[in-house]
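Working notes, beginning with the structure itself.
The values are calculated or read from the model by the stated rules, or taken from the named source; none is laboratory data. None of these values were measured; they are calculated from a predicted model. With ideal geometry, Cβ positions are generated from the backbone for all residues, glycine too; neighbour counts draw on all protein chains shown. Just so you know, the surface numbers come from the protein's heavy atoms only, side chains and all, with ligands and any DNA or RNA stripped out. Shrake-Rupley method; radii C 1.70, N 1.55, O 1.52, S 1.80 Å.
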Amino acid sequence: MTSERLVVVGGVAAGLSAASRARRVNPGMEIRVYEKGPDISYSACGLPYFIAGLVSQADALRVYSVDFFRSQRNIQVLTGHEVTEISTGRRRVTVLTAGGGGMEEIPYDHLVLATGAEPVLPAVPGIDLSGVFHVNDLQTTLALDRFLKSEHSRRTVIVGGGYIGLEMADALCTRGIEVTLIDRSEHLFEAVDEEISVIIERELENHGVHLVKQARIAALLGDRTRRVRSVTWESNSTDSLQTDCVVLATGVRPRVKLAQDAGITNGPTGAIAVNEFMETSAAGVYAAGDCVETTQLLTGRPIYVPLGTTANKQGRVAGENAGGGRARFPGILGTAVTKVFSLELARTGLSLTQAKECGYAARSATVHTTDRARYLGGRNITVKLVADAGSGRLLGAQMAGEGVSKRIDVIATALHARMTVEQVAQLDLSYAPPFSTVWDPVLIAAQEMLRELRR
C-alpha cells in the first residue's frame, strides 16, 4: 500500500516544526519540504545579535541541517526548490527545481504552507541602490555584515522604529557605527503606549542614537556607482542626511501570493485565514507561521502578529493534524520581549489604545519602582497595566527595565486565565532581596490599577 505524502512549502520555523511533528505522529508518512532559499532551520530572531558581533559565526544560528532531517527524521528537505503553483483540486504542486533545472509536478495528500513573511519596502526612489539592506533573512543579514566590513561604514540610517529597528540600532552602535533612526510615528515602537515609548527613546539617545520622528522617507540618493550616499525625508520640512548605509526595518507582510493564486482565502488582515486546526479554505491544505492570521485571545478578532514562538506552535499543530491528529491552536496574546542596550522591554495583551479601539471601557495604571532591593543594586522598572473598568478584567501589560522578560509571563498567564486585576493583586509571587522587592512590581502595579478602577 502506498503511504500518504505530506508536502511542506517553507523550511524555517513553522515548516520544519510541521514536518517534524507529522513524522512523530505518522512514522510511515512520506514527507517532503521545499525551501526556495539556501538556508533552513535557523534563528531569525538571532540575526541582530550576529550583526552586533555577539554571535561570532552565522553557523551558530543554524539549528539543524538537511542531512540531519534526512538521516535522523526521515524527512526529505530540498533547498533551492521553489513551489510556483498549487492545484488544490488535483492535489498537486508545481516545483521549480534547484538551479533552474526544470519544473516538476508533485502530488500530495496533505499540504502545509509555511511561506513566511516578506519585507515591506517603501516605494521611494533609490530603494535598489547598493548599500540598502533589510535583515529579514539570513542571506540579507550576511550581505549587510560583509558590506559593513568591506566598506568600513561609519554612518548608518535605520528606517523604522519597531522590534527590528530598535535591535539593529543597538547592534550597529555596538559595532561603533553612528546611527540615525527615522520613524514615521510620533513615538517609537507602536506596540506599546507613550509612557514606555518615552523610556525607549531616552535609552536610544543616551547611547548616541539620533532620532528623527514623524518623518517619511522621500528618497535614497546615490553616487555615480549607484551606492547610497544620503537619505531625504519629509516632516515639517524636507531634510537630508549623509550616510554610508541604510537598513530598512519598515515591517513585513504575509507572503500569500502562492496561496491566493490557488484560490485559498485570505482573512481581513491580509494573511491566510485558518481555523483553530490550522486548516485553510482548501481541503487538505494547512498553513502556519508568518503567512497566516490568528485569533486575539482577548477580543476573539483576527490578528496578524508574526512571531517566532507563534510560528513554531502553529507549525506543530499543522503538522500533527496533517499526520492524522486533531490538535488545536486557540490564538495569541502577542506576548513579546526585546532588549535595547541595557533596557529590557516587554508587552502582552492589549495596549490602552488597542483596548479602547476594541470597545472596552479601558483604564490604565503605571508604576515606577525597582526590580529588587535597592541595597542589592535595585534598578528602575516601569510597569503599566490595562484593565476593563466594567468587569475589572486585566487586558494587558507593558514593562520596561531590569527583569521584565519573565515578569511579563506572569501577566500573560493571568490573561490566559481571564483573571481580574484583584486576582492578580492576590498572587503569591516569590520574594528574596536579590530577586524582588517584598511587593513585586507586578503586585504594586496591580494595587495601583485597583485604585484607578475604584475611582
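Only one of 339, 356, 384 is open to solvent by less than 20 Å² (accessible area, probe 1.4 Å), under 27 Å from the mean Cα position of the chain (by Cα) and of a type in the set (D, E, K, R). Can you tell me which?
Selected residue: 384, the only one of 339, 356, 384 that is open to solvent by less than 20 Å² (accessible area, probe 1.4 Å), under 27 Å from the mean Cα position of the chain (by Cα) and of a type in the set (D, E, K, R).
One residue is enough: does segment 370-380 have a residue meeting the conditions touching a Gly at 6+ places or on another chain (Cβ under 6 Å) and among the acidic types (Asp, Glu)?
For segment 370-380, residues touching a Gly at 6+ places or on another chain (Cβ under 6 Å) and among the acidic types (Asp, Glu): present.
Can you name every residue in segment 132-153 that is farther than 12 Å from residue 51 by Cβ and hydroxyl-bearing (Ser, Thr, Tyr)?
150, the sole residue that qualifies.
Take the residues in segment 406-442 that are touching a Lys or Arg at 6+ places or on another chain (Cβ under 8 Å) and either over 23 Å from residue 374 (Cβ atoms) or among the polar types (S, T, N, Q) (or both); name whichever of them is surrounded by the fewest Cβ atoms within 10 Å (Cβ to Cβ).
Ranking the qualifying residues of segment 406-442, first place goes to 418.
Look through 170, 145 and report the one residue that is in a helix (DSSP H, G or I), in contact (Cβ under 8 Å) with a residue 12 or more places away in the chain and either open to solvent by less than 20 Å² (accessible area, probe 1.4 Å) or basic (Lys, Arg) (or both).
145
Name the residues in segment 40-69 that are open to solvent by 20 Å² or more (accessible area, probe 1.4 Å) and part of a loop (DSSP other than H, G, I, E, B), would you?
Scanning segment 40-69 gives 43, 53, 54, 55, 56, 57, 63, 64, 65.
Here are some conditions: (1) part of a loop (DSSP other than H, G, I, E, B); (2) surrounded by fewer than 16 Cβ atoms within 10 Å (Cβ to Cβ). Residue 136 meets all but one. Which one does it not meet?
Every condition holds for residue 136 apart from (2).
Going residue by residue through segment 234-255, is there one that turns out to be farther than 30 Å from residue 385 by Cβ, of a type in the set (Gly, Ala, Ser) and modelled with pLDDT of 95 or more?
no
Taking only segment 382-410 into account, find how many residues are within 11 Å of residue 347 (Cβ to Cβ) and of a type in the set (Asp, Glu).
0
Under the condition of being under 20 Å from residue 339 (Cβ atoms) and of a type outside the set (A, V, I, L, M), which residue from segment 146-162 is nearest to the chain's Cα centre (by Cα)?
162
Name the residues in segment 173-206 that are open to solvent by 20 Å² or more (accessible area, probe 1.4 Å) and within 16 Å of residue 380 (Cβ to Cβ), would you?
Selection gives 195, 198, 199, 202, 203, 206.
Do we find a residue being of a type in the set (Phe, Trp, Tyr), out of contact with any Phe, Trp or Tyr (no Cβ under 6 Å at 6 or more places or on another chain), over 22 Å from residue 13 (Cβ atoms) and not in a loop (DSSP other than H, G, I, E, B) anywhere in segment 232-247?
Yes, because at least one residue in segment 232-247 is of a type in the set (Phe, Trp, Tyr), out of contact with any Phe, Trp or Tyr (no Cβ under 6 Å at 6 or more places or on another chain), over 22 Å from residue 13 (Cβ atoms) and not in a loop (DSSP other than H, G, I, E, B).
Can you work out which of the residues in segment 443-455 that are farther than 30 Å from residue 377 by Cβ and free of Cβ contacts under 8 Å to residues at least 24 places away in the same chain is surrounded by the fewest Cβ atoms within 10 Å (Cβ to Cβ)?
Restricting to residues being farther than 30 Å from residue 377 by Cβ and free of Cβ contacts under 8 Å to residues at least 24 places away in the same chain, the top hit is 455.
Do you know which residues across segment 359-381 are open to solvent by 10 Å² or more (accessible area, probe 1.4 Å), in a strand (DSSP E or B), in contact (Cβ under 8 Å) with a residue 40 or more places away in the chain and hydrophobic (A, V, I, L, M, F, W, C)?
Once the filter is applied, which keeps residues that are open to solvent by 10 Å² or more (accessible area, probe 1.4 Å), in a strand (DSSP E or B), in contact (Cβ under 8 Å) with a residue 40 or more places away in the chain and hydrophobic (A, V, I, L, M, F, W, C), segment 359-381 yields only 367.
Which ones in segment 206-262 are within 26 Å of the chain's Cα centre (by Cα) and closer than 30 Å to residue 285 by Cβ?
Those that are within 26 Å of the chain's Cα centre (by Cα) and closer than 30 Å to residue 285 by Cβ: 251, 252, 253, 254, 255, 256, 257, 258, 259, 260, 261.
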